[in-house]
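Presented below is the structure to which this report refers.
The values are calculated or read from the model by the stated rules, or taken from the named source; none is laboratory data. Everything numeric in this text was worked out from a predicted model, so none of it was measured. In this analysis, Cβ positions are derived from the backbone assuming ideal geometry, glycine residues included, and neighbour counts consider all displayed protein chains. For the accessible areas, the whole protein counts, side chains as well, though only heavy atoms, and no ligand, DNA or RNA atoms are used. Shrake-Rupley method; radii C 1.70, N 1.55, O 1.52, S 1.80 Å.
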Amino acid sequence: MATLKEKIGYALGDAAAGGITWKVMSIAFPLFFTNVFGLTVADTATLMLVARMFDVVTDPLMGSLADRTQSRWGTYRPWLIFGAVPLGLIFALLLYTPDFGPVGKRIYAYTLYLLMMAVYTAVNVPYGSLLGVMTADDNEKNQFSSFRMVGAYAMGFITLLSFPYLQKMVGGTPAHQYAVLGACLGAVATLMTLACGLLTKERLKPVRAEKFSFKPFADLFKNKPWIYLTLIGICTNFFNGFRYAVAGYLMEYCLHGDVTVSGLIINYTVFMTFGEVTCMVFGGLSPKFTQWMGSKRKAFAVAAIICGIFSIAFFFVPMDPSYIWLLIAIVVLTSVGVGLYSPLLWSMYADVADWATEKNGTSSTGLIFSSGTMAQKFGTAISGSLVALLLGIAGFYSGTDANGQTVVQITDMESVRSMTWALFSIFPAIIIAIMLWLLYKYPIKK
């Protein structure tokens with residue numbers, strides 16, 4: 001029986017990965033790279049795309065490697081314990097803007113971003129796989145998954161809400177602000193990841209294959225539940241990826257910059273914070289909601305429908321700062337659905353891992369959970385890349401001049417505003433429709 005301390009320890013892992021590093025990378029990086037760091041729209045789009053193609057190879061390999069790890073700390077925990085420092089350090093370096101020209105900045109950004117993806121994979125794939133060896137009880141897996149989501153969203157809430165106030169406290173140029181915050185947040189992520197590795201326990205022993213083989217990789221593509229769930233996972237991250245990546249541009253160009261209401265600074269991070277706290281609350285309620293609905297599959301479908309309805313509703317609100325609270329209300333209602341289905345996804349990966357172990361006779365838990373991380377990064381990257389490309393087509397230009405200064409130009413403001421609004425609402429709604437069809441085809445009925 002797992003203790004409360006262990007559940008909190010497990011939650012700290014995604015508080016670091018999902019609530020700090022990934023949240024900042026998803027929401028702040030697109031705007032940071034174009035408007036502060038000085039990459040062109042094309043470079044930003046290509047950077048995100050290339051990094052995720054890299055992940056398509058490294059994530060499954062990491063899952064297979066993690067499955068075969070044997071140490072005094074267990075199978076998956078040592079990757080968290082020894083990966084904590086590199087994770088925080090490289091994250092901090094990514095938010096630093098060097099005094100380089102266009103080529104130097106491009107090399108710096110590509111090198112550090114690829115390193116960040118590699119380290120994130122080395123930590124987060126084993127972290128997800130821990131769920132498969134901490135307990136054999138299905139209800140307890142749901143609880144661990146729920147704690148994980150609450151940890152991620154609670155830390156995401158703290159990170160995003162405090163971001164503009166911390167920037168104001170640090171002062172100086174935007175580049176200086178991001179560099180200081182990157183160092184501070186990287187240190188916190190390191191401590192949380194380390195704590196997760198030290199506080200959790202591996203109670204179950206994976207059924208290991210005797211030697212390395214490519215058979216588990218081949219088995220994946222015969223695993224029908226895995227195929228559908230991985231596609232569903234990509235869709236969930238497409239949905240979030242479009243909204244997160246475009247939020248900064250939405251506040252800047254559709255709502256004319258930060259909105260201050262009764263002393264509350266509502267910038268793009270705070271705007272999304274309201275959704276984070278909603279996800280935190282409803283992520284905690286997800287196990288009860290699932291019991292009430294009668295199955296994970298049905299609960300997931302209802303949550304997705306909620307997301308689709310309110311995404312469409314957002315599109316019809318006028319682009320005017322006076323509607324800020326209505327826009328926030330719709331973000332909150334959309335996040336009810338996200339909060340309910342997010343824990344279910346990881347619990348369903350545990351079901352797929354159990355199904356595969358029963359069918360194949362050996363454990364491929366790490367490999368299967370790695371596909372969840374791959375789907376997370378692939379969906380977020382492709383959506384982020386598309387956001388940059390589509391904004392470029394609409395008339396947005398950014399880059400670095402010969403003196404190393406960041407340059408931003410917009411040739412058609414109305415086109416950019418319309419594209420930004422659709423990327424936050426209509427594009428995610430289309431993804432929900434695809435996700436519901438995939439969920440209908442998903443064969444595990446739990």
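Below, the figures for the structure above:
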item	result
Members of region 160-175 found to be farther than 23 Å from G404 by Cα, open to solvent by 60 Å² or more (accessible area, probe 1.4 Å) and of a type in the set (S, T, Y), listed by number	Y165
Residue list for region 122-156, restricted to those being surrounded by fewer than 24 Cβ atoms within 10 Å (Cβ to Cβ) and either within 13 Å of the chain's Cα centre (by Cα) or not in a helix (DSSP H, G or I) (or both)	T135, A136, D137
Pairs where the first residue, in region 241-258, is touching a residue at least 24 places away in the same chain (Cβ under 8 Å) and assigned to a loop (DSSP other than H, G, I, E, B) and the second is among the aromatic types (F, W, Y) and surrounded by fewer than 23 Cβ atoms within 10 Å (Cβ to Cβ), C-beta under 8 Å, 6+ apart	none
Residue count, region 259-282 (criterion: surrounded by fewer than 16 Cβ atoms within 10 Å (Cβ to Cβ) and in contact with a Pro (Cβ under 8 Å, 6 or more places away or on another chain))	0
Check on G88, buried (at least 21 other Cβ atoms within 10 Å of the Cβ) and within 18 Å of the chain's Cα centre (by Cα)	yes
Tabulated pairs, region 30-55, first farther than 17 Å from G182 by Cβ and open to solvent by 10 Å² or more (accessible area, probe 1.4 Å), second not polar (S, T, N, Q) and not in a helix (DSSP H, G or I), C-beta under 7 angstrom, 6+ apart or interchain	T40/G399; V41/F396; V41/Y397
Subset of region 186-206 [surrounded by 23 or more Cβ atoms within 10 Å (Cβ to Cβ) and more than 24 Å from the chain's Cα centre (by Cα)]	P206
G182 vs. criteria farther than 27 Å from L4 by Cβ and open to solvent by less than 30 Å² (accessible area, probe 1.4 Å)	yes
Checklist (1) farther than 26 Å from A66 by Cβ; (2) part of a loop (DSSP other than H, G, I, E, B); (3) modelled with pLDDT under 90 applied to M280, failing item	(2)
Answer residue from region 91-105, given it is within 18 Å of Y178 (Cβ to Cβ) and at pLDDT below 90 and is least open to solvent (accessible area, probe 1.4 Å) among those	F100
Output for region 293-305, where each listed residue is at pLDDT below 90 and not small (G, A, S)	M293, K296, R297
Odd one out for V408 among (1) closer than 28 Å to F37 by Cβ; (2) surrounded by fewer than 17 Cβ atoms within 10 Å (Cβ to Cβ); (3) touching a Phe, Trp or Tyr at 6+ places or on another chain (Cβ under 8 Å); (4) modelled with pLDDT of 90 or more	(4)
Close pairs (8 angstrom Cβ cut-off, 6 or more residues apart or separate chains): of a type in the set (F, W, Y) in region 187-198, part of a helix (DSSP H, G or I) and at pLDDT 95 or above anywhere	none
Residues that are in contact (Cβ under 8 Å) with a residue 12 or more places away in the chain and either open to solvent by 10 Å² or more (accessible area, probe 1.4 Å) or among the hydrophobic types (A, V, I, L, M, F, W, C) (or both), drawn from region 106-121	R106, A109, Y110, L112, L114, L115, M116, M117, A118, V119
Any hit, region 418-432, residues being more than 28 Å from F100 (Cβ to Cβ), in contact with a helix residue (DSSP H, G or I) (Cβ under 8 Å, 6 or more places away or on another chain) and in a loop (DSSP other than H, G, I, E, B)	yes
L31 part of a helix (DSSP H, G or I) and closer than 14 Å to L130 by Cβ	no
Within region 411-436, considering residues that are among the polar types (S, T, N, Q) and crowded, with 16+ Cβ neighbours inside 10 Å, the one nearest to G248 (Cα to Cα)	T420
Any hit, region 379-390, residues being surrounded by fewer than 23 Cβ atoms within 10 Å (Cβ to Cβ), modelled with pLDDT of 90 or more and of a type outside the set (S, T, N, Q)	yes
